[in-house]
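Heads up, the thing below is written out as structure tokens.
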Amino acid sequence: ALSAETSGGTPAGLAPPDVSALKAGQPVQRDGARYLGTVVTAPDGSQRLVVAGAGLVGFAAAVHYGGVWLVVVASVGALVAGFATWLVVRLSLRPVARMRGSVRSLPPGARLALPDSHDELRALAEEFNALLERQEQAAERLRRFTGDAAHELRSPVASIRVQAEVAVTNPDPELAQETLSDILTEAERLSSLLDGLLSLARSDAGEVPPASPVELVSEVRSAVARLPAGAPETRVSTAVAQAWASSAHAEVELVLDNLLRNACRYARGQIVVSVLASRSSVRVVVDDDGPGIAPEHREKVFDRFYRIADDRARSSGGTGLGLAMVAETVRRRGGRVQVTDSPDGGARFVVVWRAAGTGS
């Protein structure tokens with residue numbers, strides 16, 4: 001076996017293919033050095049490979065300057081590429097900057113002009129116009145709601161003030177007692193109005209209690225039991241023993257109480273409440289035999305403070321918020337509410353909740 005050593009007797013660190021080449025008398029270049037080798041016989045008779053190597057002239061300098069120039073070229077290239085990127089991005093964003101200037105100078109009710117090209121910039125302008133449309137609609141609803149709320153609050157407050165002044169200035173105890181009764185009625189109406197406004201404000205703020213299974217058949221029976229004395233005859237009709245809805249107990253109470261109060265206000269003699277259940281949903285149907293609701297009013301009755309100026313609004317004493325709270329409460333649970341004609345000749349309100357266990 002032959003071993004590879006330098007002339008000083010230390011291992012040369014060459015790879016086995018290099019050693020084989022040196023044995024054959026071929027020169028080897030490795031790590032900036034050139035090696036030559038020859039096989040000799042040692043005094044003890046063993047065969048040894050003697051290798052002599054020397055560094056290549058100018059190799060270290062070439063490596064040094066090559067590295068320096070590589071760094072310089074890479075730096076210059078990075079600067080040029082960065083400047084080119086900045087310039088391209090700046091040019092490509094100029095339409096966005098023009099759009100931003102247009103947005104700042106938009107008058108109320110105006111919309112952004114759409115670019116001729118059908119690209120991402122046009123899509124952005126369309127989405128921004130849609131956002132402006134939704135914002136203006138929300139602002140208009142808020143202005144209308146604020147005005148309606150102020151008007152509705154002014155009416156009972158003014159009535160209470162006038163009747164209180166009459167009671168103070170009139171010493172007749174019998175008249176004062178009658179006035180105090182009227183004041184109590186107006187105060188109850190004002191309290192109901194404030195409760196409705198607070199409930200709607202919480203809903204608008206996104207305050208939604210966690211959903212849980214609520215058994216509707218028992219809730220309907222409880223709501224019927226809470227009706228005041230003198231209410232029209234109310235009958236509960238259901239083909240199921242239990243029907244579980246995904247909602248909250250307080251929400252179901254609010255929906256049922258408002259629907260039944262509305263039916264009591266307009267029914268002539270009878271109300272029928274039905275509970276229906278399927279695999280994915282549960283329904284509560286409230287029928288009355290009152291004057292009904294004309295088709296052109298059926299969507300608007302769920303708006304806040306909306307009232308119908310017909311027989312159905314006679315002496316109602318309502319606040320115009322009950323059905324709005326019903327619609328909002330059911331909607332935020334993923335359900336729906338609608339009004340149609342009742343087989344009894346009046347109005348039919350249908351409330352649909354998701355069945356418990358099918359998601360919320």
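Determine whether VAL40 is out of contact with any Gly (no Cβ under 9 Å at 6 or more places or on another chain) and either at pLDDT below 80 or aromatic (Phe, Trp, Tyr) (or both). Spell out the reasoning first.
Numbers: out of contact with any Gly (no Cβ under 9 Å at 6 or more places or on another chain): yes; either at pLDDT below 80 or aromatic (Phe, Trp, Tyr) (or both): no.
Taking the combined requirement at face value, the residue does not satisfy it.
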Among the numbered criteria (1) under 37 Å from the mean Cα position of the chain (by Cα); (2) charged (D, E, K, R); (3) over 20 Å from VAL352 (Cβ atoms), which one does GLU219 miss? (3)
Picking from ARG154, ARG100, which residue would you name as being under 29 Å from ASP195 (Cβ atoms), of a type outside the set (S, T, N, Q) and open to solvent by 100 Å² or more (accessible area, probe 1.4 Å)? ARG154
Residue in the stretch 229-259 that is nearest to SER212 (Cα to Cα), counting only those that are open to solvent by 20 Å² or more (accessible area, probe 1.4 Å) and assigned to a strand (DSSP E or B): TRP244
In the stretch 277-289, the residues that are surrounded by 21 or more Cβ atoms within 10 Å (Cβ to Cβ) and at pLDDT below 90: none
State the number of residues belonging to the stretch 260-270 that are outside any helix (DSSP H, G or I), out of contact with any Gly (no Cβ under 7 Å at 6 or more places or on another chain) and in contact (Cβ under 8 Å) with a residue 40 or more places away in the chain. 1
Among the candidates ALA113, ALA130, ALA97, ALA125, single out the residue that is touching a Pro at 6+ places or on another chain (Cβ under 7 Å), over 30 Å from LEU190 (Cβ atoms) and not assigned by the TED database to the domain that holds ASP303. ALA125
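The values are calculated or read from the model by the stated rules, or taken from the named source; none is laboratory data. All values derive from a computational prediction rather than experimental measurement. No Cβ is skipped: glycine too gets one built from the backbone with ideal geometry, and neighbour counts run over all protein chains shown. The protein model used for the area step is the full one, side chains on, heavy atoms only, and it has no ligands, DNA or RNA in it. Shrake-Rupley method; radii C 1.70, N 1.55, O 1.52, S 1.80 Å.
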